[in-house]
Amino acid sequence: MNIVLLGAPGAGKGTQAEKLVEAYDIAHISTGDILRASVKAGTPLGMEAKGYMDAGELVPDSVVIGLVKERLNEEDTEKGFILDGFPRTATQAVALTSELDELGRNIDYAVAVIVDPEIIVERLSSRRICKACGYIGNKGDASCPVCGGVMYQRDDDNPATVRNRLDVYVKSTAPLIDYYRGADLLVEINGDQSPDAVFEEIQAVIGKR
Ligand code: ADP
Ligand code: ZN
């Protein structure tokens, strides 16, 4: 099963990606996670990406496309994958289609998690993440409910950057919903419900395993 997850920042893509990875035993490819790891490691790529990320802008297509191509050529993605945070521009979407063509693979579903933008600023500004296990919680969690680890706030989860990320989403990424509708791959899911309910809705469409 090869899935592309679409949705605004804060729509809950990361949370759903983890559930899908577990249920379908497929690889999780999150460009945000890959980029954050590069920033943390201080690699040249990370140093280039950091400025864009902190401003809520997109990292240049050439950089991200290169990362995803490399990742898709790793063996663990052959059992299936979920792309979380990619593609985010039309150029990325076209590059993905042609890379998959070359690999003799294809996308089964483009799952778009739809959430009212009004809710998103509040959601992201109160989001907190576990340093140890990556659990996604909120500011009410004094420590990680899963592993007891320390919770932190992402550098780009402040209200000003969140607004810019939303603008970038509307301008560059939202049009991909039409792109995948045109390719007859689109599944639209109501993201304005509990994570488990969102997951149920996704499974109802793509089939349980
Ligand atoms: P969110 O979906 O909550 O905005 P991500 O973790 O997916 O968070 O992305 C964080 C940041 O990483 C983005 O704001 C952007 O700067 C960069 N990024 C991630 N994926 C891409 C991509 N496909 N193209 C360009 N930039 C990206
Ligand atoms: Zn944890």
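Any read-out appearing in this document is the output of simple, stated calculations on the displayed coordinates, not a laboratory observation. Source: prediction; values computed, not measured. For neighbour counting, all protein chains shown are included, and Cβ atoms are generated from backbone atoms with ideal geometry for every residue, glycine included.
Values of log10 I(q)/I(0) for the chain across q = 0.10, 0.18, 0.19 Å⁻¹ run -0.41, -1.52, -1.71, by the Debye formula with one identical scatterer at each alpha carbon and no solvent.
Looking at the chain, send over the antiparallel percent of its DSSP beta bridges, to the nearest 5. List each step's numbers first, then the result.
Values: 5 of 22 bridges.
Of all bridge pairs located within the chain, approximately 25 percent are antiparallel.
Between the listed residues 197, 151, 109, the Cα displaced farthest toward the positive end of the dipole of the chain, a dipole computed from Cβ unit charges relative to the Cα centre, is found at 151. The relative contact order of the chain comes to 30 percent, based on Cα pairs under 8 Å that sit 6 or more residues apart. Among 78, 22, the ranking by other beta carbons within 10 Å of each residue's beta carbon, starting with the fewest, stands as 22, 78.
Between the range 88-111 and the range 130-209, the alpha-carbon centres lie 21 Å apart.
Calculated mean residue ellipticity, 222 nm, the chain: -14500 deg cm²/dmol, from DSSP H runs (n ≥ 4) at -39500 (n - 2.57) each, averaged per residue and rounded to 500. Convex hull volume per residue, computed on the Cα atoms of the range 73-193, equals 143 Å³.
With the cut-off at 24 Å, tell me which of the pairs 69/139; 13/139; 13/131 have Cα atoms farther apart than that.
69/139
Remark: the range 41-97 carries a charge dipole of roughly 120 debye about the Cα centre, counting +1 on each Lys and Arg Cβ and -1 on each Asp and Glu Cβ.
Using C-alpha pairs under 8 Å with a sequence gap of at least 6, the mean separation divided by the residue count of the range 1-93 gives a relative contact order of 48 percent. A simple charge model with +1 on the Cβ of Lys and Arg, -1 on the Cβ of Asp and Glu and nothing else charged puts the dipole of the range 1-139 at about 640 debye relative to its Cα centre. Treating the beta-carbon of each Lys and Arg as +1 and of each Asp and Glu as -1, no other charges, what is the dipole magnitude of the range 78-140 about its Cα centre, to the nearest 20 debye? Magnitude of the dipole: close to 520 debye. For the range 140-209, with the dipole built from +1 on Lys and Arg beta-carbon atoms and -1 on Asp and Glu ones, taken about the Cα centre, which of 170, 185, 140 lies farthest toward the positive end? Among 170, 185, 140, the one farthest towards the positive end of the dipole of the range 140-209 is 185. Our coupling estimate for the range 158-172, obtained by passing each phi through the Karplus curve with A = 6.51, B = -1.76, C = 1.60 and θ = phi - 60°, is 9, x, 5, 5, 4, 4, 5, 4, 5, 4, 4, 4, 4, 6, 9 Hz, Gly and Pro reported as x.
Estimated translational diffusion coefficient (Stokes-Einstein, Kirkwood radius over Cα pairs, 37 °C, 0.692 mPa s) of the range 46-87: 283 µm² per second.
When you count the other C-beta atoms within 10 angstrom of each residue and take the mean per peptide, 29-39, 62-72 line up highest first as 29-39, 62-72.
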